[in-house]
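Comments concern the structure below.
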Amino acid sequence: MNIGIIGLGSIGTMLVKAFVKSNASREGRLIVFNRTREKAEHLQAEYGILIADSAQEVCEQADVVFVCTKPLDILPLLGQLSIPVERHVVSVAAGVSIEDLERVHTGAVSKVIPTVTSQELRGVSLFTCSQRLSRLQREQFIDLLGAVGAIQEVSEEVIETATILTSSAPGLIAGILESFAQAAVRQSPQLPIETARSMLVETMLGTALLLQKERLGFDQLIERVATKGGITEEGLRVLDKSLPASFDELFSITQAKHDTLKQLVRKQTNE
C-alpha cells in the first residue's frame with residue numbers, strides 16, 4: 001500500500017517518522033508534499049521518502065492520503081484537487097467532520113486524531129471512518145494505525161473529549177509535571193530544576209509501566225502508595241480540593257474551542 005502525506009507540520013512529520021520507524025511503510029511507498037520543499041528534502045535524506053511536486057501528485061500515487069494541513073485549509077485544498085474515487089482520504093484535523101469530508105471526496109474518508117507519542121510507537125490514535133470504506137480499506141487502515149501505537153475507534157460525538165485524553169494529553173501532562181517540578185524547587189531551592197524534572201520523567205515512565213503490566217486501576221495504585229495517614233494521602237487530599245474543578249474547566253474551555261472551529265468549517269461548506 002502506498003501512503004501519501006500532504007503537509008509536513010508537526011503531525012505530518014511525526015507520521016513520516018512513525019511509519020518508517022514501525023516499518024509500516026517500505027522504501028518507495030511513502031510519498032509526501034509540502035509547500036516548502038526544503039523540509040521534505042530533509043526528511044527524504046534521513047528516511048528515504050519520495051517527494052511529490054504537488055498535492056495532486058500525492059493523490060494520484062498514494063492509496064491512502066493523510067491530509068495534515070491546518071483545519072481551515074483542508075476543505076479548500078481538497079476541493080481544488082481531482083481525487084480518484086478509489087483513494088482513501090484521511091484528515092488529521094479537529095473540527096472537520098466525516099460529513100464535511102464526504103462533500104469534497106466521493107470515495108472513502110476517515111478522520112484520525114494522532115498523538116505526538118506515536119513517534120515512539122506509543123500512545124493512542126483516535127479514528128472514525130465513513131461507511132464508504134471497503135472491508136479491505138478498513139483492514140489496511142487499522143493495520144497501518146496499529147503499527148504506530150494503540151488505536152481506538154470512537155464516534156464523532158465523543159472524539160473531541162477523547163482528544164484531550166490522547167492528543168492533547170502529552171502537552172497537558174508536561175505542563176502539570178513542570179508545575180510539580182517548579183513547586184519542588186521553591187520548597188527546596190538547593191534541588192536543581194533539571195534534577196527535579198528528570199525524577200518526574202522517570203517516575204512517570206515507571207508509573208505507566210506498573211499500571212499497564214499489572215493491569216492496575218488508578219484507584220488500586222493509589223491504594224498501594226497512599227498508606228493511611230501517610231504523606232501521599234495528605235497530598236491527594238490537597239489535590240482533590242482543586243483538580244476536579246480545574247479539569248472540568250479544562251474540558252469546558254476546550255469544547256468551546258472545538259465548537260468555534262466547527263462553526264468556521266461549516267461556514268466554508270456553505271459558501
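The values are calculated or read from the model by the stated rules, or taken from the named source; none is laboratory data. Worth saying up front: this structure is predicted, and the values here are computed from it rather than measured. As a convention, Cβ positions derive from the backbone with ideal geometry for all residues, glycine included, and neighbour counts pool all protein chains shown.
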Output the number of the condition that VAL32 fails; it satisfies all remaining conditions of (1) modelled with pLDDT of 95 or more; (2) part of a loop (DSSP other than H, G, I, E, B). (2)
Counted residues in the stretch 91-130 being part of a helix (DSSP H, G or I), of a type in the set (A, V, I, L, M) and closer than 18 Å to GLY4 by Cβ come to 2
Of the listed residues (LEU177, LEU133), the one being in a loop (DSSP other than H, G, I, E, B), more than 19 Å from HIS258 (Cβ to Cβ) and either free of Cβ contacts under 8 Å to residues at least 12 places away in the same chain or over 17 Å from the mean Cα position of the chain (by Cα) (or both) is LEU133
Every residue from the stretch 56-68 that is buried (at least 23 other Cβ atoms within 10 Å of the Cβ) and either among the hydroxyl-bearing types (Ser, Thr, Tyr) or closer than 29 Å to ASP259 by Cα (or both): VAL65, PHE66, VAL67, CYS68
Count, please, the residues in the stretch 150-174 that happen to be under 26 Å from GLU202 (Cα atoms), without any contact (Cβ under 8 Å) to a residue 60 or more places away in the chain and either of a type in the set (A, V, I, L, M, F, W, C) or surrounded by 13 or more Cβ atoms within 10 Å (Cβ to Cβ) (or both). 10
Quick check on this structure: which one of LEU191, LEU250, LEU205, LEU239 is surrounded by 13 or more Cβ atoms within 10 Å (Cβ to Cβ) and over 30 Å from GLY95 (Cα atoms)? LEU191
Working carefully through the options ILE74, ILE31, ILE51, find the one that is touching a residue at least 12 places away in the same chain (Cβ under 8 Å) and touching a Ser or Thr at 6+ places or on another chain (Cβ under 7 Å). ILE74
Is it true that some residue in the stretch 72-80 is in a loop (DSSP other than H, G, I, E, B), at pLDDT below 95 and not small (Gly, Ala, Ser)? no
Quick count over the stretch 197-254, residues being of a type outside the set (A, V, I, L, M, F, W, C) and touching a residue at least 12 places away in the same chain (Cβ under 8 Å), is 3
